[in-house]
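Data first, discussion second: the structure below is written as structure tokens.
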Amino acid sequence: LLAVYSLDGLLVFGLLLVCTCAYLRKVPRLRTWLLSERRGVWGVCHKAAVIGTRLHVAVSVSCLLMAFYVLVGK
């Protein structure tokens, strides 16, 4: 719980949110059910999915770097 309040925890949470929402956007039934709303809490998920799909190379590289940092650097 305390890891969320550190910068490392926030970065990991943000990357996991973007990756999860981008994955859910690829599933057709979940896309229409969860990510069709563009306002509110589901709007945040929609925006994270758009970021994840448009910047997929940068997101995947940052996920690899964060995994290396968490496993080796900490």
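The values are calculated or read from the model by the stated rules, or taken from the named source; none is laboratory data. From a predicted model like this one, the values you see are computed outputs, not experimental measurements. Cβ sites come from the backbone with ideal geometry, for glycine too, and all protein chains shown count toward neighbours. Accessible surface areas use protein heavy atoms only, side chains included; no ligands, DNA or RNA. Shrake-Rupley method; radii C 1.70, N 1.55, O 1.52, S 1.80 Å.
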Taking the conditions exactly as written (out of contact with any Pro (no Cβ under 6 Å at 6 or more places or on another chain), closer than 30 Å to Lys74 by Cβ and hydrophobic (A, V, I, L, M, F, W, C)), does Val44 satisfy them or not? yes
Taking the options Thr20, Thr53, Thr32, name whichever one is open to solvent by 60 Å² or more (accessible area, probe 1.4 Å) and within 11 Å of the chain's Cα centre (by Cα). Thr20
How about region 46-64: which of its residues are in contact with a Leu (Cβ under 6 Å, 6 or more places away or on another chain) and either free of Cβ contacts under 8 Å to residues at least 12 places away in the same chain or farther than 20 Å from Asp8 by Cα (or both)? His46, Ala49
Restricting to region 5-17, what's the tally of residues that are buried (at least 17 other Cβ atoms within 10 Å of the Cβ) and more than 8 Å from the chain's Cα centre (by Cα)? 1
Residue that is surrounded by 15 or more Cβ atoms within 10 Å (Cβ to Cβ) and aliphatic (A, V, I, L, M), where the choices are Val59, Val41: Val59
